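See below for the structure under consideration.
The values are calculated or read from the model by the stated rules, or taken from the named source; none is laboratory data. If you're wondering where the values come from, they're calculated on a predicted model, not measured in any experiment. As a convention, Cβ positions derive from the backbone with ideal geometry for all residues, glycine included, and neighbour counts pool all protein chains shown. Accessible surface areas use protein heavy atoms only, side chains included; no ligands, DNA or RNA. Shrake-Rupley method; radii C 1.70, N 1.55, O 1.52, S 1.80 Å.
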Amino acid sequence: MNTRVSITNPYNGPLEGDNAFAQITHNVSRIMEAPRPPLAWYIAFAFALGLLGVFGLSLGIVVWEGIGAWGHVHPVAWGFPIVNFVFWVGIGHAGTLISAILFLLRQNWRTAINRFAEAMTIFAVVCAAVFPGVHIGRPWLPYWMFPIPNQMGMWPQFRSPLEWDVFAVGTYATVSVLFWYMGMIPDFATFRDRSTSTVRRFVYGLVAMGWRGSSRQWHRYERAYLLLASLATPLVLSVHSVVSFDFATSQLPGWHTTIFPPYFVAGAIFGGFAMVVVLAVPAREFFGLKKIITLKHLELMAKVILATGMIVGYAYAMEMFVAWYSGSIYEQFAFLNRAFGNYAWSYWTMIFCNVLAPQVFWFKKLRTNVWVILIVGIIVNVGMWFERFVIICTSLTRDFLPANWGAFIPSAVDYATLAGSFGLFFTLFLLFCRYLPMVAMAEVKAFIPESHVHDH
Amino acid sequence: MSDSEKPLATETPLYGLIAEYDNPTALVHAARKVRDAGFRRWDTYTPFPIHGIEKDMGIRMTRLPWLVLGFALTGMAVATYFQYWTNSVDYRWIISGKPFWSWPANVPIIFEMTILFSAFAAIGGMLFLNNLPLPAHPLDLKERFRRVTDDKFFLVIEASDPKFDERDTRGLLAATNPVVLDDVLEDRVTSDRIPAPLIYTLVILGAVSLIPFAFIAKARAAKTTEGRVHVVWDMDFTPAYKAQEGNPLFGDQRSMRTPPEGTVALGQLHDDEHLYTGKVGDEWASSFPESLALSEATMERGKQQFGIYCTPCHGQLGDGNGIVHQRASKLKQGWVPPSDLHQTYIKEQPAGQIFGAITNGVRNMPAYGPQISAEDRWAIVLYLRALQKSQSASVNDLTDAERAQLQ
């Protein structure tokens, strides 16, 4: 064992408990129970809070000055905010995928990672929701998007993809929070029952709602979990499809594409899993969770990244093919322009990050190396951000009429809001790591060999 | 009942018996025995769901899925009707010429609302059927029971079960080899009242949350002579420039910008001189432009356009006796009469010159170029040529058959 790590890290001691169940409980609960988190947590938290301040400041500028403070110019009215929105919503897909789809597919390895993937989902959706909320231009009037009776006697236009977005993302955020919270109820009860302080016992007791592990309750709980998983599965597929409709139902070359819904969903899973590994690698290192989130888990996630990366690569190739096959000169120009035009550098960055970089996961030696996994995870996230940048900026700056062409140059506020949104994300995530059950203890216990009932 | 009125508990009644096991197998075997003994008010408590224990305990399938289905259908119906009512009855949106109710575009929101209602039903129904939240329970008084959320397994038979007999039941549980077998007493310690600070906090928060609504209600009911409050000044009073205003932002001070150099608006190229000006070189064109089809359809179009734009002054016959002329003449206020289009000098004008007159106007006749498209102006000229011919035709212009018909 690395002695340097064990000095700064209170979680590297031996596991207490005389059986496997108690060891899992101890392994996860001690993160919350430790008097103070490891030094790395403080450093990361200070950094995240700083970025959060940048976020608040840059959004303050945008609200005060108007959205012209962002680098919006005439043909590119969507710019960074919508790139960031689609990026964050995409990140938010892996959590529900791991919780719901892998649950329905009986992939029991998901139990080690589902809780913080779900948390990541919720925090990513929070980050995503900020952008359209401010980008509407009058951030004090977002309730106009909701069907609330008003003095103007007007109702929202329910046949608009942008209104579908409000309902899809809103439903997704709500269902994700419900799913996440319900999953944590038994673990909150564990925290409550281990608490030594009155405040902790009261707070965790309140959110545990009096869970005592009754089998009659477990029965309904598991049924509800199955139902939520079955509901969340079509939901998660619908959300990024609806987001893609914002583009696909328009007539702009490069957006007006029927491949968008499946391509966006695959990209979302791809980017989301990449974010999960980026978070999982340091989390298991600093909080001593290597026995629960094993190298095997990371390897399986690397395989998912490889597979979805191939789907995304196929979509890029198919877009090119369809543009050629369509015979439409505007489509053909749009895609040639992507690869060789004004933003060609962003296109090739995207191809490198999303198609080429994940190919290293074909080799077992590389996909079981945490450093390789971490670096590829970061590269893929960069690539997925660029994918949305490419879609929005290349198409908007070069539409049908050359007289309507333009160039998009992001402003300093653009970069600040993008960086700042990571501050919001990491602040929430670090607080989650410290105060909430980072691993679904009850679910992990249910799948270890000791949990099996032996009949004679 | 206040604490002082509580009867002195000489003996706290028994809630039930609790047996502790340290592995799921032992628990399941015990559960089967209790089930077979016919108990109804009993339960097992475990740190994680033990799969298949429903059968060992005789738990019947929950009604939760039916509840969720009911809510799913409700969500679907509500979303469908709400969208129908708002967008095609109460506030009709005209979208791309579609019918007010074109349901395929409403499906995404119907789908999302179906999921949303179902999800609320799944978690809400689970909590409701499980009788949660449940703040206090007699088992909470057992120190050992806290391990139930960690690594221990418990079986509890309640004293209220009709089959419960303290001695026999204890014997039944003892035979299952529990680690610990113990009594659970009713909870006479925990107060069942909500703590006072919590009530005060909730009441104060509730009252404070009503304040904004009170202001809104007051504003709706009261009358005021002051204008509305402008929270966001530059949104209410737009700083946008009007077309003819001076604008210091640009070097030439003009608000209305000219198109970028080298660009032409759609349909404004006008590279066919003959078609758009009526001239060939410096001379009026004597023929019709090549792109104009000299057909029956063009003639009909010309007749229609002539009827709309020319007849008010020039009259149906083109003789200058239109309804505007008739009325203006009666007013005797110095009216320049419209030309009789059958005058020789007009008949002898080249087609291009007549086109030019329509386009640019003559004397007090205004220019019709901005109102009538070039093609339609040529169609009017074509019709006028036919009209002129009709008013000065001789018998010799007719064909033999037509002449025969006349006679």
> Under 19 Å Cα-Cα from residue A:291, which lysines qualify once same-chain neighbours fewer than 8 residues away are excluded?
Replying inline: A:445
>> Could you derive backbone 3J(HN,Hα) for the stretch A:223-237 from the dihedral phi with the Karplus parameters 6.51, -1.76 and 1.60 (θ = phi - 60°), listing whole Hz in sequence and x where the residue is Gly or Pro?
In response: 5, 4, 5, 5, 5, 4, 5, 5, 7, 6, 5, x, 4, 5, 5
> Mind ordering A:32-44, A:264-276, B:304-316, A:145-157 by average Cβ neighbours within 10 Å, highest first?
Replying inline: A:264-276, B:304-316, A:32-44, A:145-157
> So how tilted is helix B:107-129 from the main axis of chain B? Cα-based, degrees 0 to 90, rounded to 10.
Replying inline: 10
> How high is the FRET efficiency between residue A:317 and residue A:363 when r is their beta carbon distance and R₀ equals 35 Å, given to the nearest 0.05?
Replying inline: 0.90
> Averaged across the residues of A:438-444, what count of C-beta atoms belonging to other chains lies within 10 Å of each residue's C-beta?
Replying inline: 2
>> With only alpha-carbon pairs counted, each pair once and no self-pairs, how large is the Kirkwood hydrodynamic radius of the stretch A:339-456 in angstroms?
In response: 18.6
>> I'd like the Karplus ³J(HN,Hα) series for the stretch B:222-237: coefficients 6.51, -1.76, 1.60, θ = phi - 60°, whole numbers in Hz, and an x wherever there's a Gly or Pro.
In response: 7, 10, 9, 8, 7, x, 5, 7, 9, 6, 10, 4, 6, 8, 7, 10
> Cβ under 13 Å from residue A:145's Cβ, residue A:145 left aside: what net charge do those residues give with Lys, Arg +1 and Asp, Glu -1?
Replying inline: -1
> What are the residues whose amide H is under 5 Å from the amide H of residue B:180, where those residues sit 5 or more places off or on another chain and H is modelled from the backbone?
Replying inline: B:20
>> Please check the stretch B:48-64 for residues whose accessible area, probe 1.4 Å, is lower by 40 Å² or more when all protein chains are in place than in their chain alone.
In response: B:48, B:49, B:51, B:54, B:59, B:61, B:62
> What list of ³J(HN,Hα) couplings, whole Hz, do you get for the stretch B:395-407 from phi and the Karplus terms 6.51, -1.76, 1.60, once you set θ to phi - 60° and write x for glycine and proline?
Replying inline: 4, 5, 6, 7, 7, 4, 4, 5, 5, 4, 5, 4, 6
> Taking K and R as +1 and D and E as -1, what net charge do the other residues with C-beta under 15 Å from the C-beta of residue A:376 add up to?
Replying inline: +3
> How many percent of the accessible area of chain B is carbon or sulfur, using a 1.4 Å probe?
Replying inline: 58
> Relative to the compact globular guide of 2.2 N^0.38 Å, what is the alpha carbon radius of gyration of the stretch A:5-455, as a ratio?
Replying inline: 1.03
>> Taking R0 as 51 Å, what FRET efficiency do you get between residue B:311 and residue A:77 from their Cβ-Cβ distance, rounded to the nearest 0.05?
In response: 0.60
> What length, rounded to one decimal in nm, is gained on full extension from residue B:144 through to residue B:32, with 0.36 nm per residue of separation minus their alpha-carbon distance?
Replying inline: 38.0 nm
> One-quarter of the Cα convex hull surface for chain B, in nm²?
Replying inline: 50.3
> Is there a simple number for the mean count of other chain Cβ atoms within 10 Å of the Cβ of residues in A:153-166, and what is it?
Replying inline: 5
> Scattering from the C-alpha atoms of the protein assembly as shown alone, worked out with Debye: what is log10 I(q)/I(0) at q = 0.06, 0.07, 0.10, 0.11 1/Å?
Replying inline: -0.60, -0.74, -1.22, -1.38
> How far apart, in nm, are the 7 Å Cα→Cβ label points at residue B:91 and residue B:280?
Replying inline: 6.1
> What FRET efficiency comes out for the pair residue B:69/residue B:177, r = Cβ-Cβ distance, R0 = 45 Å, nearest 0.05?
Replying inline: 0.55
> What aspartates and glutamates sit close enough to residue A:365 to cross-link, taking a C-alpha to C-alpha distance under 19 Å and skipping anything fewer than 8 places away on the same chain?
Replying inline: A:299
> Helix-derived [θ] at 222 nm for the protein assembly as shown: sum -39500 (n - 2.57) over DSSP H runs of at least 4, divide by residue count, nearest 500?
Replying inline: -18000 deg cm²/dmol
> What is the average number of partner chain Cβ atoms found within 10 Å of a Cβ in B:235-241?
Replying inline: 1
>> Give the A-B buried accessible area in Å², both sides summed, 1.4 Å probe, nearest 100.
In response: 6400
> Mind listing which GluC sites (Glu not before Pro) in the stretch B:1-108 are in a DSSP loop and have 12 or fewer other Cβ atoms within 10 Å?
Replying inline: B:11
>> At a 10 angstrom cut-off on C-beta neighbours, averaged per residue, how do the peptides B:231-243, A:109-121 rank from highest to lowest?
In response: A:109-121, B:231-243
>> I'd like to compare B:290-299, A:352-361, B:262-271, B:43-52: which one has the highest average count of other Cβ atoms within 10 Å, and what's the full order after that?
In response: B:43-52, A:352-361, B:290-299, B:262-271
>> More than 29 angstrom separation, counting every C-alpha pair in the stretch A:176-320; what % is that?
In response: 40
> Rounded to the nearest whole Å², what accessible area per residue is found for the stretch A:5-455 with the 1.4 Å probe?
Replying inline: 38
> With the other protein chains left in place, how much accessible area per residue, in square angstrom, belongs to the stretch B:10-215 at a 1.4 angstrom probe?
Replying inline: 56
> Roughly how many percent of the accessible protein surface of the stretch A:5-455 is carbon and sulfur, given a 1.4 Å probe and a whole-percent answer?
Replying inline: 72
